Amino acid sequence: MRRRDIFALGTLALAATAASQASAGGPTASSGSASPSLNIGGVGIPIIAGGRIRNYVFVTIRLTLGEGQTPEAMRSKEPYFRDALVRQAHRTPFVLADDWTRVDSDAISTWLMRAAPSISGANSISAAEVALQTPRRRTGVRST
């Protein structure tokens, strides 16, 4: 068997596996019980303490969409949510007083709910939460 045939078969097998996982994936917008949501991943939030940037925490935000909103329509607003969140994090850091490896997820959620109507319209977002936090540096960053 030729080498390119082996690569072609491997690529087809990989594509078939990915397609079957995507079709078997979690709830969709058509299921009646779950509200559609939009994930905004990889937003770098600075940890500022004493006027200096001490660390970055990369967060994934899950926005639960309001009535009549679709993830496809809200994807065009994703850069605006990212920009507004990073700008706000530089103005008023979402820092926990005793830990530079995590952000204050309640403060981020509250702020996103206040900012969402000006970014994407009234009642477009029904809930916001920090789904995942990954710090850039994991050690040596606790304030004393």
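I need the per residue convex hull volume for region 29-121, using only the alpha carbons, in cubic angstrom as a whole number.
On the way: hull volume 9.5 nm³, N = 93.
Given the Cα convex hull of region 29-121, per-residue volume reads 102 Å³.
Would you mind getting the accessible area per residue of region 34-130, heavy atoms of the protein chains only, 1.4 Å probe, in Å²? Present the calculation step by step, with values, prior to reporting the outcome.
Details: 4930 Å² over 97 residues.
Value for region 34-130: 51 Å² per residue.
Counting only the backbone N, which residues of region 112-132 are under 18 Å from the spot 7 Å out from the Cα of residue 58 toward its beta-carbon?
Correct set: 130-132.
Looking at 118, 79, 68, which one has the Cα that reaches farthest to the positive end of the dipole of region 67-144 (charges on Cβ: Lys, Arg +1; Asp, Glu -1)?
79
For Cα pairs less than 8 Å apart in space and 6+ apart in sequence, what is the mean separation divided by the residue count of region 55-144, i.e. the relative contact order in percent?
Working: 120 pairs, mean separation 45.5, N = 90.
Relative CO of region 55-144 lands at 51 percent.
Please give the FRET efficiency for residue 70 paired with residue 137, using the beta carbon to beta carbon distance and R0 = 35 Å, rounded to the nearest 0.05.
Between residue 70 and residue 137 the formula returns 0.40.
The values are calculated or read from the model by the stated rules, or taken from the named source; none is laboratory data. Please read these numbers as outputs of a predicted model, since none were measured by experiment. Neighbour counts are summed over all protein chains in view; Cβ atoms, including those assigned to glycine, are modelled from backbone coordinates with ideal geometry. What goes into the accessible areas is simple: the full protein's heavy atoms, side chains included, and nothing from ligands, DNA or RNA. Shrake-Rupley method; radii C 1.70, N 1.55, O 1.52, S 1.80 Å.
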